[in-house]
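One structure is given here, and the rest of the page talks about it.
The values are calculated or read from the model by the stated rules, or taken from the named source; none is laboratory data. Since the structure is predicted, the reported quantities are computational estimates derived from the model, not experimental observations. For neighbour counting, all protein chains shown are included, and Cβ atoms are generated from backbone atoms with ideal geometry for every residue, glycine included. All accessible areas refer to the heavy atoms of the entire protein, side chains included, with ligands and DNA or RNA removed. Shrake-Rupley method; radii C 1.70, N 1.55, O 1.52, S 1.80 Å.
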Amino acid sequence: MSALYKKLLSEHVPFYRMLPENKKLEFENRVQLFLAKVKITGVNTTVEDIDRVLIAASAIIPIFNFPNWEYINLHEVLLYPGSFNHDFEQQGPQRDILGMVGSGALNHIMILSQAELRHAFSNETDARNTAIHEFVHLIDKTDGSIDGVPTSILDQKYIVPWLQLMQKEIGLIHDNQSEINPYGATNQAEFFAVVSEYFFERPELLQQHHPELYDLLVKIFSTPKP
Ligand SMILES: [Zn+2]
């Protein structure tokens, strides 16, 4: 990997910064492999090195403990300068979408906002990261459906406890008893993506506030406990 890419990872990706040296090398290799396979295209914007590094890092972080993982359902990432609406318009009202996993004609395509991508990695105190959120949807989608139950990585024996815990935590959001991003109460798929952002952005905080949820996410992503 080029010295520039290593520098960008060190400066902007806390997950990478915290890895031991041998794991850093593995992370770099997997970032390169991802970038060799997935095309990144700017739409009304220019894709810069930092964007390529941050997109690849967002892809590798959630599946770093799965050495042979490949995003078989992704061919291209489209980078829009900012938010967009449901008709993929970049101007006009209701441009509230910051990222999405395509379906139908856009199958195998992900769309991300460049501004949001960069913002998520420069803000290390919130628990949000849209690019990680979208890659978690893709992981979820690998078994055929985006439903909050990622059977391609989740051990069978955790499915029932996971469904029960999701129900409980979504209920707490509805009752205003939770500081989890309320968007997570939309449905189980969004809940899984939202709490995964929290898990990878602020693991200690999640462990403190939601120990049960933290423990199960450790099992889902097979992350060695700190
Ligand atoms: Zn989502």
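Compute the accessible area per residue over the chain, keeping the other protein chains in place, probe 1.4 Å, unit Å². Could you put the intermediate results ahead of the total?
Numbers: 10920 Å² over 226 residues.
That works out to 48 Å² for each residue.
Relative to 2.2 N^0.38 Å, what does the C-alpha radius of gyration of the chain come to as a ratio? Two decimals please.
Normalised by 2.2 N^0.38 Å, the Cα Rg of the chain equals 0.98.
Please work out the C-alpha center-to-center distance from region 23-58 to region 77-116 and express it in whole Å.
18
Between beta-carbons, use under 15 Å as the cut-off and find the net charge around Q167, counting Lys and Arg +1, Asp and Glu -1.
-4
Express in Å², to the nearest 10, the accessible area of M1 obtained by rolling a 1.4 Å probe over the protein heavy atoms while all chains stay in place.
Looks like 60 Å² after rounding.
Any chance you could look up the accessible area of D49 with a 1.4 Å probe, heavy atoms only, rounded to 10 Å²?
Counting only protein heavy atoms, D49 exposes about 70 Å² to solvent.
Give the residue list of GluC sites (Glu not before Pro) in region 71-127 that are DSSP loop and have at most 14 other beta-carbon atoms within 10 angstrom.
Details: sites: E76, E89, E116, E124; in loops: E89, E124.
When the GluC sites (Glu not before Pro) of region 71-127 are filtered for loop state and at most 14 Cβ neighbours within 10 Å, E89, E124 remain.
List every residue whose amide H lies under 5 Å from the amide H of G42, counting only residues 5 or more places away in sequence or on a different chain, with H placed 1.01 Å from N in the peptide plane.
Under 5 Å from the amide H of G42 lie the amide H atoms of V47, L79, each far enough along the sequence or on another chain.
Students often forget the sequence filter, so: which lysines lie under 24 Å Cα-Cα from K37 once same-chain residues fewer than 8 apart are removed?
Cα-Cα hits under 24 Å: K6, K7, K23, K24, K141.
Region 20-63: D in µm²/s via Stokes-Einstein (Kirkwood Rh, Cα pairs, 20 °C, 1.002 mPa s)?
Reported coefficient: 192 µm²/s.
Using a 1.4 angstrom probe and counting only protein chains, how large is the accessible area of S58 in Å², to 10?
That residue has around 0 Å² of solvent-accessible surface.
With the full set of protein chains in place, find how many percent of the accessible area of the chain is carbon and sulfur; take the probe as 1.4 Å.
The C+S portion of the solvent-accessible surface of the chain is 52 percent.
Taking all pairs of different Cα atoms in region 1-84, averaging 1/r and flipping that mean, what Kirkwood radius in angstroms comes out? Each step should come with its number before you reach the end.
Working: mean 1/r = 0.0747 Å⁻¹.
It is 13.4 Å.
Taking region 75-191, how much of its Cα-Cα pair set, in percent, is spaced more than 17 angstrom apart?
63
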